[in-house]
Amino acid sequence: MNVILLSHTPEPDAIVAAAARICYRDVTAEELLHGEEKNLSRALIADLFASGHMSTFEHVSFTFGIDGLSRVSSHQLVRHRVASFSQQSQRYVKMSADPEAVIIPPTVRENPEALAVFNEAVRKSQEAYRLMVEAGIPKEDARFILPHGHSTRLVMTMNARELHHFFSLRLCRRAQWEIHELARKMLILCRQKAPVLFEKAGPSCIFGRCNEARTCGKPYRDMEDLLD
Ligand SMILES: Cc1cc2nc3c(=O)[nH]c(=O)nc-3n(C[C@H](O)[C@H](O)[C@H](O)COP(=O)(O)OP(=O)(O)OC[C@H]3O[C@@H](n4cnc5c(N)ncnc54)[C@H](O)[C@@H]3O)c2cc1C
């Protein structure tokens, strides 16, 4: 899976802090962003987070390009309604006959017997797809035979509030492995551009508690442990 940051709101940390300050101070927009108070951003953002004043995080957004995610996981991803998505269409784009176009879960990859079964099923479904398309069946119908694990491409935009929500759910150890890996890559990219906003992010154990009814019993020790 390849994940890149296509674009983001400039100065994300400063914009969120400025949005928060306008609530409490009689200063101009220019002073908010460039005045000496800018140095207070870190403490202010920590306060916003602690008090749950998260609407200020909605002023900055991040757009990701995602290649090689399975449709199993993209189905989970698009459940996040506050995000915006554009996904490669199987109606218009002919799917690759390359077996690599289907994501192989680690448990299958590590089990030679299961891997042989998996690869044979992929080969048969891709062959059936090819034969149907060649017989004139529209791609939108031939695709019904393709594996659920077929890879896809997306462009996705989330604001920082939604990103924190996404990371809280999908970086939990109980989340499915592939969307967990996607979230991990996204958080690393976000921290490069907005180190204050994403200094701490992730499941509730990062904040010292566990919100899961069925806890994994292995809380992350810190952000390094989470992003390892
Ligand atoms: C470990 C795990 C297991 C899961 N298992 C299943 C499963 O078995 N079956 C299944 O169907 N789903 C499952 N899901 C998906 C889950 O139910 C959510 O659909 C998904 O995580 C998106 O979460 P969300 O709705 O909080 O987020 P978003 O859609 O991103 O919304 C963010 C927040 O905005 C608010 N919001 C958004 N829309 C509304 C609305 N219409 N009304 C009120 N408030 C709104 C809510 O506060 C919400 O938390 C699972 C998710 C996880 C993380």
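The values are calculated or read from the model by the stated rules, or taken from the named source; none is laboratory data. From a predicted model like this one, the values you see are computed outputs, not experimental measurements. Using ideal geometry, Cβ is built from the backbone for each residue, glycine included, and neighbour counts are taken over all protein chains shown.
Things to note:
- The single condition among (1) among the basic types (Lys, Arg); (2) more than 16 Å from the ligand (Cβ to nearest atom); (3) surrounded by 12 or more Cβ atoms within 10 Å (Cβ to Cβ); (4) touching a residue at least 40 places away in the same chain (Cβ under 8 Å) that ARG130 does not satisfy is (4).
- In segment 133-172, the residues that are among the aromatic types (Phe, Trp, Tyr) and within 16 Å of the ligand (Cβ to nearest atom): PHE166, PHE167
- Evaluating LEU69 against the criteria (1) more than 30 Å from GLU134 (Cβ to Cβ); (2) touching a strand residue (DSSP E or B) at 6+ places or on another chain (Cβ under 8 Å) leaves one unmet condition, (1).
- Qualifying residue in segment 173-181 (condition: surrounded by 15 or more Cβ atoms within 10 Å (Cβ to Cβ), of a type in the set (Gly, Ala, Ser), within 18 Å of GLY65 (Cα to Cα) and within 14 Å of the ligand (Cβ to nearest atom)): no
- Test: residue in segment 103-116 that is in contact with a strand residue (DSSP E or B) (Cβ under 8 Å, 6 or more places away or on another chain), over 24 Å from LYS185 (Cα atoms) and free of Cβ contacts under 8 Å to residues at least 60 places away in the same chain: no
- Count of segment 135-170 residues which are closer than 17 Å to ARG91 by Cβ and among the charged types (D, E, K, R): 5
- Hits in segment 52-81 - residues which are within 26 Å of ASP13 (Cα to Cα), assigned to a helix (DSSP H, G or I) and either among the charged types (D, E, K, R) or outside the structural domain of LEU163 (by TED's automatic domain parsing) (or both): GLU58
- Exactly one residue out of ASP67, ASP98 is more than 16 Å from the ligand (Cβ to nearest atom), in contact (Cβ under 8 Å) with a residue 60 or more places away in the chain and of a type in the set (D, E, K, R): that is ASP67.
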